[in-house]
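Participant: One structure coming up, written as structure tokens, with questions to follow.
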Amino acid sequence: MQRYFIDPAHFKETEVLISGDDAHHLSRVMRAEPGDEVIVSNGLDREALVRIRTLDKEGVTAEIVELLPMLSEPAVDVWIAQSLPKGDKMETVIQKGTEIGAERFIPFISERTVVQLDAKKEGKRLERWNKIAKEAAEQAHRNRVPEVESVHSWKELLNRAAKADAAWICYEKAGAQELRKAIRQALKDSPAVRSKLLLVVGPEGGFSEREVEAAEAAGCVTVGLGKRILRTETAAMVGLTCILYEAGEMGGED
Ligand code: SAH
């Protein structure tokens with residue numbers, strides 16, 4: 001069934017309003033009619049099966065048939081901190097990471113980031129990234145839309161790391177601890193539901209040794225992702241999947 005995330009202010013006690021692009025999609029692309037049912041979520045804490053009442057220029061109104069349990073969110077919040085990659089790879093990280101189950105994305109700049117930032121285009125790009133997250137979340141039947149934060153400086157990122165329940169910096173050089181051990185340790189130390197787990201991934205050129213040292217000083221544990229060197233966008237997905245697997249979020253039993 002078609003699913004839409006709507007503005008929380010439009011999710012009322014007994015009815016909802018679907019507006020903007022989603023209303024257009026529903027009426028023009030899906031050719032929905034009064035009486036049809038879809039699922040809407042406020043992206044936070046309420047999701048419902050709704051029946052369409054009216055479709056017009058203002059949007060689509062629908063009555064709530066039934067509130068639905070929200071079951072598709074992982075019990076741990078994985079934050080992907082991704083050093084800005086080249087081209088449209090950040091979009092890939094956001095789209096695939098949303099499908100897999102990341103809670104938020106924090107793009108950042110590090111020493112070897114090659115992408116030039118254009119302050120004027122920044123707002124538009126962030127809007128586009130958040131739209132990609134929303135569409136991927138709808139497609140993946142998630143209850144929430146992961147947030148894509150604005151681009152952080154390396155210093156700002158290290159401040160965030162200090163606030164997470166556990167933070168890991170992915171480093172391909174010898175000496176990095178096995179990710180599995182690090183995840184198991186963190187889940188043991190911080191078993192609370194919704195622990196904040198931060199995974200820091202470097203750019204195409206990797207991290208400098210100095211950066212890894214600074215990250216460790218800020219509370220990050222250095223981890224490896226196996227013996228092969230992964231592309232930056234692959235590393236983020238592999239790390240995310242391993243964390244959710246160890247947290248028991250990929251299905252199956254112990
Ligand atoms: N330029 C480096 C590789 C960088 S890979 C080189 O050629 O040696 C890009 C990023 O992906 C790295 O900064 C790291 O965060 C992550 N990464 C890739 N493979 C990894 C591995 N085996 N272990 C840990 N991190 C890895």
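Participant: Would you confirm, using the coordinates I've provided, whether residue 210 is near the ligand (Cβ under 10 Å from one of its atoms) and modelled with pLDDT of 95 or more? Before you say what the answer is, go through the steps one by one.
Facilitator: On the way: near the ligand (Cβ under 10 Å from one of its atoms): no; modelled with pLDDT of 95 or more: yes.
No: the conditions fail for residue 210.
Participant: If a residue has to be part of a helix (DSSP H, G or I), among the aliphatic types (A, V, I, L, M) and within 12 Å of residue 200 (Cα to Cα) to count, how many in segment 152-177 make the cut? Explain how you work it out, then say what you get.
Facilitator: Within segment 152-177, the first condition is being part of a helix (DSSP H, G or I), and the residues that meet it are 154-163.
If we keep only those that are among the aliphatic types (A, V, I, L, M) as well, we get 157-158, 161-162.
After this cut, where a residue has to be within 12 Å of residue 200 (Cα to Cα) as well, the list is 157-158, 161.
Total meeting the criteria: 3.
Participant: Under 8 Å between Cβ atoms, which residue pairs at least 6 apart in sequence (or on different chains) link something in segment 103-132 that is over 19 Å from residue 80 (Cβ atoms) with a partner that is among the basic types (Lys, Arg) and part of a helix (DSSP H, G or I)?
Facilitator: As it stands, the answer is 111/210, since those pairs meet every condition given.
Participant: On the basis of being surrounded by 15 or more Cβ atoms within 10 Å (Cβ to Cβ), of a type in the set (S, T, N, Q) and out of contact with any Leu (no Cβ under 7 Å at 6 or more places or on another chain), does residue 92 make the cut? Please lay out each step first, then the result.
Facilitator: Working: surrounded by 15 or more Cβ atoms within 10 Å (Cβ to Cβ): yes; of a type in the set (S, T, N, Q): yes; out of contact with any Leu (no Cβ under 7 Å at 6 or more places or on another chain): yes.
Spelling it out, residue 92 is indeed surrounded by 15 or more Cβ atoms within 10 Å (Cβ to Cβ), of a type in the set (S, T, N, Q) and out of contact with any Leu (no Cβ under 7 Å at 6 or more places or on another chain).
Participant: Taking the condition of being within 15 Å of residue 142 (Cβ to Cβ) and of a type in the set (A, V, I, L, M), how many residues in segment 1-25 meet it?
Facilitator: Narrowing segment 1-25 to residues within 15 Å of residue 142 (Cβ to Cβ): 1-6.
From what is left, the residues that are of a type in the set (A, V, I, L, M) are 1, 6.
Matching residues across segment 1-25 total 2.
Participant: Which condition does residue 51 not pass, out of (1) closer than 30 Å to residue 191 by Cα; (2) surrounded by fewer than 17 Cβ atoms within 10 Å (Cβ to Cβ); (3) in contact with a Gly (Cβ under 7 Å, 6 or more places away or on another chain), if it passes all the others?
Facilitator: (1)
Participant: Looking only at segment 178-207, which residues are more than 16 Å from the ligand (Cβ to nearest atom) and either assigned to a helix (DSSP H, G or I) or not assigned by TED's automatic domain parsing to the domain that holds residue 149 (or both)?
Facilitator: Initial filter on segment 178-207 (more than 16 Å from the ligand (Cβ to nearest atom)): 184-196.
Within segment 178-207, 184, 185, 186, 187, 188, 189 qualify.
Participant: Continuing with the same structure: Listed residues 235, 215; which is in the same structural domain as residue 95 (by TED's automatic domain parsing), part of a helix (DSSP H, G or I) and near the ligand (Cβ under 9 Å from one of its atoms)? If you could, list the steps in order and put the result at the bottom.
Facilitator: Numbers: 215 fails: near the ligand (Cβ under 9 Å from one of its atoms).
235 is the lone residue from the list that is in the same structural domain as residue 95 (by TED's automatic domain parsing), part of a helix (DSSP H, G or I) and near the ligand (Cβ under 9 Å from one of its atoms).
The values are calculated or read from the model by the stated rules, or taken from the named source; none is laboratory data. Keep in mind that this is a model prediction, so the values were computed, not measured. Backbone-built Cβ (ideal geometry, glycine too); neighbour counts: all protein chains shown.
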